[in-house]
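Where a number appears in this text, it was derived from the coordinates with a stated rule and is not lab data. No experiment lies behind these values; they were computed from the predicted model shown. We place every Cβ from the backbone using ideal geometry, glycine too, and count neighbours over all the protein chains shown.
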Amino acid sequence: MNPTSPQLIKSGLCTFILLSALSCVTAHSSAASLFGDLSCQSWADLEYPRKKAWTNAFLAPLSLTHQGLERKKQDRYNDDPNAYDPAILSIDKFCLSYPKLGPADGAAAYLNSLLEN
């Protein structure tokens with residue numbers, strides 16, 4: 001086996017995950033179905049504990065995957081025990097601005113901005 005094959009596979013996997021998970025449109029069409037294909041209207045109707053559970057279930061694995069693939073010591077989402085609070089506020093704001101989209105789109109946009117900073 002070519003010694004660079006694992007690197008190529010990792011690079012391809014990284015590209016696939018980041019494009020799939022962090023782009024708003026793709027996140028809505030693929031990742032959202034894993035957590036229920038919520039609309040922004042449905043999101044607005046959720047009680048806070050359900051928003052917290054959904055947000056953590058959606059963002060925690062994506063952030064952890066990014067940290068592992070980028071070989072970073074810090075996981076910007078999971079290292080903060082209250083990371084869901086600003087994420088929920090961001091998703092709420094996103095849904096008010098883009099009511100035809102879904103919270104998965106807002107969550108992906110939030111995580112993308114968190115990872116860029």
Any idea what the relative contact order of the stretch 38-117 is, in percent, if you count C-alpha pairs under 8 Å spaced at least 6 apart?
43
Diffing the stretch 77-89: the Karplus 3J(HN,Hα) column from phi (6.51, -1.76, 1.60, θ = phi - 60°), in whole Hz with x for Gly and Pro, holds 8, 6, 6, 9, x, 10, 4, 5, 4, x, 5, 5, 4
Positive end of the charge dipole of the stretch 38-117 (Lys, Arg +1 and Asp, Glu -1 on Cβ, about the Cα centre): tell me which of Ala87, Cys40, Phe58 has its Cα farthest that way.
Phe58
Overall dimensions of the stretch 38-117 by Cα: Rg and Dmax, Å
12.4, 38
Which aspartates and glutamates, if any, have their Cα less than 19 Å from the Cα of Lys52, not counting same-chain residues under 8 positions apart?
Asp37, Asp75, Asp79, Asp80, Asp85, Asp92, Asp105
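Quick one: order Tyr48, Tyr77, Tyr84, Tyr98 by neighbouring beta-carbon count within 10 Å, fewest to most.
Working: Tyr48 10, Tyr77 24, Tyr84 20, Tyr98 14.
So the residues, fewest neighbours to most, are Tyr48, Tyr98, Tyr84, Tyr77.
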Excluding Tyr84 itself, calculate the net charge of residues whose Cβ lies under 15 Å from the Cβ of Tyr84, where each Lys or Arg counts +1 and each Asp or Glu counts -1.
-1
